[in-house]
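Single-structure report; data block below.
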Amino acid sequence: MSLLFSPLAVGPLALRNRIAIAPMCQYSAVDGVPQPWHVQHLGRLAISGAGLVIVEATGVEAAGRITPDDTGLWNDAQEAAFADIIQGLRTYSDTPIGVQLAHAGRKAWTAAPWKGGRP
């Protein structure tokens, strides 16, 4: 059997396999709050059989987001929305969920690609 499908311990975290789904920017949040799209997207990934799912780059402050459509974790509404998503995921999956915390620094605040954002 390939090592890809064997368990892996990362510190105290036990992964059922070595497949990790990397964070993907969704550009679908409103004021940093995850939306129903995030429920669908993360839910699909959580039941995929991967050993780990990592949530998209999530801003630690509004001014540091890559785009105004990125998720955030700087207020109670954002925290509550993420908590609801995770609680819902746990109904169907025990896949570990991580988050990529982000701050884009001076490069922050461009538009989503389909809204004219450019490198």
Using Cα-Cα distances under 8 Å and only pairs 6 or more residues apart, what relative contact order does the range 1-115 have, in percent? 28
Where does the Debye-calculated log10 I(q)/I(0) of the range 27-103 sit at q = 0.25 Å⁻¹, using only Cα point scatterers of equal weight, no solvent? -1.17
Return one number: the angle in degrees, 0 to 90 and rounded to the nearest 10, between the long axis of the Cα atoms of helix 76-89 and the longest principal axis of the Cα atoms of the chain. 30
Quick one: which residues, 5 or more positions from T58 or on another chain, have an amide H under 5 Å from its amide H? H modelled 1.01 Å from N in the peptide plane, none for Pro or chain starts. Q100, L101, A102
Of the listed peptides 57-68, 22-33, what is their order by residue-averaged count of other C-beta atoms within 10 Å, with the highest listed first? 57-68, 22-33
Taking every DSSP bridge whose two residues both lie in the chain, the antiparallel percent to the nearest 5 is 30
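Just so you know, all these numbers are worked out from the coordinates, no wet-lab data involved. Just so it is clear, the structure is predicted and the values come from calculations on it, not from any experiment. Please note: Cβ atoms are built from the backbone with ideal geometry, for glycine as well, and neighbour counts cover all protein chains shown.
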